[in-house]
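J.: Encoded as structure tokens, here's the structure I'll be asking about.
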Amino acid sequence: MSRVVDTAKEGKRRILTVIGTRPEAIKMAPVIKALKACAEVESTLCITGQHRAMLDQVLDLFEIKPDFDLAIMKSGQTLVDITTGALTGVSRVIEQWQPDVVLVHGDTTTAMAAAMAAFYAHVVVGHVEAGLRTNDLERPWPEEMNRRTIDGMAQYLFAPTEGAKANLAAENLSGRAISVTGNTVVDALKITEARLKTDAARRDTLDRQFSFLDRSKRLILVTGHRRESFGAGFEAICQALAKLASRGDVEIVYPVHLNPNVQEPVRRILGGKASVHLIEPCDYLTFVYLMMRAYLILTDSGGVQEEAPSLAKPVLVMRDVTERPEALATGIVRLVGADDMRIVAGATALLDDAALYASVARAANPFGDGHAAERIVAALVQSSCADISRLSRAR
């Protein structure tokens, strides 16, 4: 564990943010930047390194440097390894730095373990992206249990939507400090989209990087990594992509997740297929560029469901359930499961029916306006020291 030494500032709210994966880094980058800019806060960042290279890419993009790096990632790591490594490491950071609040995001194992470390130390937990539910502990697994566990321990609950707030109230969590803030991924997307639109040199570099794509064909962007799809699910997803590629009028770009359970079926079934481009996981700026170029997105990612509506890009979600019903309500996001027939049918409908495509490809984002980070920091600052003391004692 390494630390950049920073002298404590008397009288300031001490907030420790803990992240460990690429999605957390993307969604928390605007919050971390806003905390650093806030005069009333002393902010420190701890990364667990649950993901390594993918996490570092995002930190570099947003010019964020961690104060603590637990570096827990190891070859063949299990959920138990991640949980125990993060729990032990974050506990040591809490003991050393003595924060008033530990801030975590979403539903990762890092977030759950960090919240538990804070709970054990009688430190107030703040949960960004609180209240999301599928009401099925197996889907997504283990994320549904992680987010429920975190919400049960958190005193500051930052719900992205009114629906998420209602979920918390239904679980008798309405007595906590709940704020509806919007989703911070919209903040990150707007920052990145603006950079791409204004930085002609960077955009030209990306155009050259993807010059192998045939612009006369429509681009399908794919992501997939969910544990519940390992095995038969990923086999079906790959078979569907192979069928779509055989149409001849599309190009498929798939940044393949590093997990061996994803790599093996993807490389075996799709490797060498015409019009299928399997690439290494890309940095967030590049991914936003690809989303902007895409005609259609196939994904099992929660973040993409939140981002694509701002870009007016139809999304087929390769899951049977989603904790983001607001995306479904817009019509731009649809569930097709990890089922080859449903994936192919859903994509074919959007590719072959221009009127259908036009009816759903409209920018309308229910997840926020790009100011969620400001609202989160304001809520943390406006609560008094007495409030934090009370919330801590309430444990």
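The values are calculated or read from the model by the stated rules, or taken from the named source; none is laboratory data. Nothing here was measured: the structure is a model prediction, and the numbers come from that model. Positions of Cβ are generated from backbone atoms using ideal geometry, with glycine treated the same way; all protein chains shown enter the neighbour counts. Calculation scope for accessible area: heavy atoms of the full protein, side chains included, ligands and nucleic acids excluded. Shrake-Rupley method; radii C 1.70, N 1.55, O 1.52, S 1.80 Å.
J.: Tell me, what is the per residue accessible area of the chain in Å², probe radius 1.4 Å?
T.: 39
J.: If you don't mind, another one. Specify which residue in the list 377, 355, 345 is farthest towards the positive end of the charge dipole of the chain, using unit charges on the beta carbon of Lys, Arg (+1) and Asp, Glu (-1), about the Cα centre.
T.: The one lying farthest along the dipole's positive direction is 377.
J.: Sticking with this one: Over all directions, the average projected area of the alpha-carbon convex hull for region 146-199 comes to how many nm²?
T.: Taking the Cα atoms of region 146-199, their convex hull projects to 4.5 nm² on average.
J.: Once both axes come from the Cα atoms, what is the angle between helix 143-153 and the longest principal axis of the chain, in degrees from 0 to 90, rounded to 10?
T.: Once rounded, the angle reads 20 degrees.
J.: Using the Cα centre of region 1-151 as origin and beta-carbon charges of +1 (Lys, Arg) and -1 (Asp, Glu), tell me which of 122, 132, 61 is placed farthest towards the positive end of the dipole.
T.: Result: 61, furthest along the dipole toward the positive end.
J.: Sticking to Cα atoms, compute the Rg of region 266-355 to one decimal and its Dmax as the biggest Cα-Cα distance, whole number, in Å.
T.: Values for region 266-355 (Cα only, Rg and Dmax): 13.4, 38 Å.
J.: How large a share of the accessible area of the chain, in percent, is made up of carbon and sulfur atoms when the probe is 1.4 Å and the other protein chains stay in place?
T.: Ligands and nucleic acids excluded, carbon and sulfur give 53 percent.
J.: Oh, and also: Heavy atoms of the protein only, probe of 1.4 Å, neighbouring chains included. What is the accessible area of residue 79 in Å², nearest 10?
T.: 40
J.: First check a/c for region 292-343, with a ≥ b ≥ c the square roots of the eigenvalues of its C-alpha gyration tensor; if it is under 1.5, answer rounded, and if not, answer prolate when a/b is larger than b/c or oblate otherwise.
T.: Because a/c hits 1.5 or more and a/b fails to exceed b/c, region 292-343 counts as oblate.
J.: Hey, another quick one. Identify all lysines with a Cα-Cα distance to residue 217 below 30 Å; exclude those on the same chain that are fewer than 8 residues away in sequence.
T.: Leaving aside lysines fewer than 8 places away in the same chain, those within reach of residue 217 are 190, 197, 243, 273, 313.
J.: Is region 35-121 best put as rounded, prolate or oblate by its Cα gyration tensor, with a ≥ b ≥ c the root eigenvalues, rounded for a/c under 1.5, and otherwise prolate when a/b is larger than b/c, oblate when not?
T.: Judged from the Cα gyration tensor, region 35-121 comes out oblate (a/c at least 1.5, b/c at or above a/b).
J.: Per residue, how big is the convex hull of region 186-279 when only Cα atoms are used? Give it in Å³.
T.: Dividing the Cα hull volume of region 186-279 by its residues yields 119 Å³.
J.: Can you tell me the dipole magnitude for the chain around its Cα centre, using point charges on the Cβ only (Lys, Arg +1; Asp, Glu -1), in Debye to the nearest 20?
T.: 240
J.: Which of the three applies to the chain, rounded, prolate or oblate, going by the alpha-carbon gyration tensor with a ≥ b ≥ c and a/c under 1.5 meaning rounded?
T.: It comes out prolate by the Cα gyration axes.
J.: What value, in deg cm²/dmol to 500, does the helix sum -39500 (n - 2.57) over DSSP H runs of n ≥ 4 give at 222 nm once divided by the residues of the chain?
T.: Counting only the DSSP helices, I get -15000 deg cm²/dmol.
J.: Let me see the P(r) profile for region 71-124: every Cα-Cα distance counted, bins of 10 Å, each bin given as a percent of all pairs.
T.: Spelled out bin by bin, region 71-124 gives 26, 55, 18, 1 percent.
J.: Using alpha carbons only, how many degrees (0 to 90, rounded to 10) separate the axis of helix 284-293 from the longest principal axis of the chain?
T.: 40
J.: If we restrict to alpha carbons, what Rg and Dmax does region 89-178 come to, in Å?
T.: Reported Rg and Dmax, both Å: 12.6, 38.
J.: Work out the P(r) tail for region 127-254: percent of alpha carbon pairs separated by more than 24 Å, whole number.
T.: It works out to 55 percent of all Cα pairs.
J.: Mind giving me the nanometre distance, one decimal, between the label points for residue 145 and residue 356, set 7 Å out from Cα along Cα→Cβ?
T.: Output for this residue pair reads 3.8 nm.
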